[in-house]
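Undergrad: One structure, as structure tokens, below. Some questions next.
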Amino acid sequence: MEQLYFAVSWALIGLIWVIQLVKYPAFHFVEEKRFFEYHQHHEKSITVIVLPLMLTELALSFWIVINNDWGIKTLFALLIVLAIWLSTFLVQIPLHRKLEKGKDEKAINKLVTTNWARTILWTVKGILLLMH
């Protein structure tokens, strides 16, 4: 299970860096008249990739804490995953709901800025797993 946890974690790290540096900033370059369709495509296509990975990561985080004695590192990794979920549901998803209504430069800027928290958290978690 630990190898799967490691693989899923690093898949999410790669994905979040692409989203942070490429996908979200690209929202600025989409014409306003095409933004609704572009954003709709983004949400559908990225969800198919990210949701199964995030659910797997969450389940494995709990499984490893319950079934292994990794100590503080394991617990810290779980807390990081929970913080990512909180950020996703309390910050990123509401911003995406706003963007579903149309292009909003302020919301895009906030999405890029606030997503750094998830990017850093996933990266820290990945580094933590390398130290195990």
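Undergrad: Could you list, in their original order, any pairs among 73/106; 73/98; 23/106; 44/106; 44/103; 44/125 whose Cα atoms are separated by more than 28 Å?
TA: 73/106; 73/98
Undergrad: If you don't mind, there's one more thing I want to ask. So what is the 222 nm mean residue ellipticity for the chain from helices alone, if each DSSP H run of at least 4 adds -39500 (n - 2.57) and you divide by all residues, rounding to the nearest 500 deg cm²/dmol?
TA: Numbers: 5 runs with 102 residues, N = 132.
Calculated at 222 nm, the ellipticity per residue is -26500 deg cm²/dmol.
Undergrad: Under 14 Å from the 7 Å Cα→Cβ point of residue 23, by amide nitrogen: which residues of the range 47-64?
TA: 47-55
Undergrad: Another question, if that's okay. Going by alpha carbons, how many degrees (0 to 90, nearest 10) lie between the helix axis of 32-67 and the longest principal axis of the chain?
TA: 10 degrees
Undergrad: When a/c reaches 1.5 or more, the comparison of a/b and b/c decides; with that in mind, is the chain rounded, prolate or oblate per its Cα gyration tensor?
TA: Prolate.
Undergrad: Another question, if that's okay. Within the range 73-132, list the trypsin sites (Lys or Arg not before Pro) lying in a DSSP loop whose Cβ has at most 11 other Cβ atoms in a 10 Å radius.
TA: For trypsin sites (Lys or Arg not before Pro) across the range 73-132 that sit outside H, G, I, E and B with at most 11 neighbouring Cβ atoms in 10 Å, the list reads 101.
Undergrad: Okay, next question. Sort all Cα-Cα distances of the range 67-132 into consecutive 5 angstrom bins from zero, then give the percent of pairs in each bin up to the one containing the longest distance.
TA: Result, from short to long distances: 3, 17, 22, 18, 13, 10, 8, 5, 3, 1 percent.
Undergrad: Quick one: angle between helix 105-130 and the longest Cα principal axis of the chain, in degrees between 0 and 90, rounded to 10, please.
TA: 20 degrees
Undergrad: With a 1.4 Å probe and all protein chains left in place, how much accessible area per residue does the chain have, in Å²?
TA: Per residue, the chain has an accessible area of 57 Å².
Undergrad: Pick from 61, 87, 45: which is most flexible by mean-square fluctuation in a GNM of the chain where alpha carbon atoms under 10 Å apart are linked?
TA: 45
Undergrad: In percent, how large is the relative contact order of the chain, given Cα pairs closer than 8 Å and 6 or more residues apart?
TA: Normalised by residue count, the contact order of the chain is 41 percent.
Undergrad: Could I have the simple spin-label model distance between residue 63 and residue 50, label points 7 Å from Cα toward Cβ, reported in nm to one decimal?
TA: About 2.3 nm, to one decimal.
Undergrad: Now for a separate question. In the range 6-132, what percent of the accessible surface is made up of carbon and sulfur (1.4 Å probe, ligands and nucleic acids excluded)?
TA: Details: 5040 of 7090 Å².
Carbon and sulfur together cover 71 percent of it.
Undergrad: To continue, here is another question. Which is the longest run of the chain containing none of the GluC sites (Glu not before Pro) found in DSSP loop states (not H, G, I, E, B) with at most 14 other C-beta atoms within 10 Å?
TA: Numbers: sites that count: 31, 100.
After excluding every exposed loop site, the longest remaining stretch is 32-99.
The values are calculated or read from the model by the stated rules, or taken from the named source; none is laboratory data. Worth saying up front: this structure is predicted, and the values here are computed from it rather than measured. Glycine also receives a Cβ, built like all others from the backbone with ideal geometry; neighbour counts cover every protein chain displayed. For accessibility, only protein heavy atoms count, side chains too; no ligands or nucleic acids. Shrake-Rupley method; radii C 1.70, N 1.55, O 1.52, S 1.80 Å.
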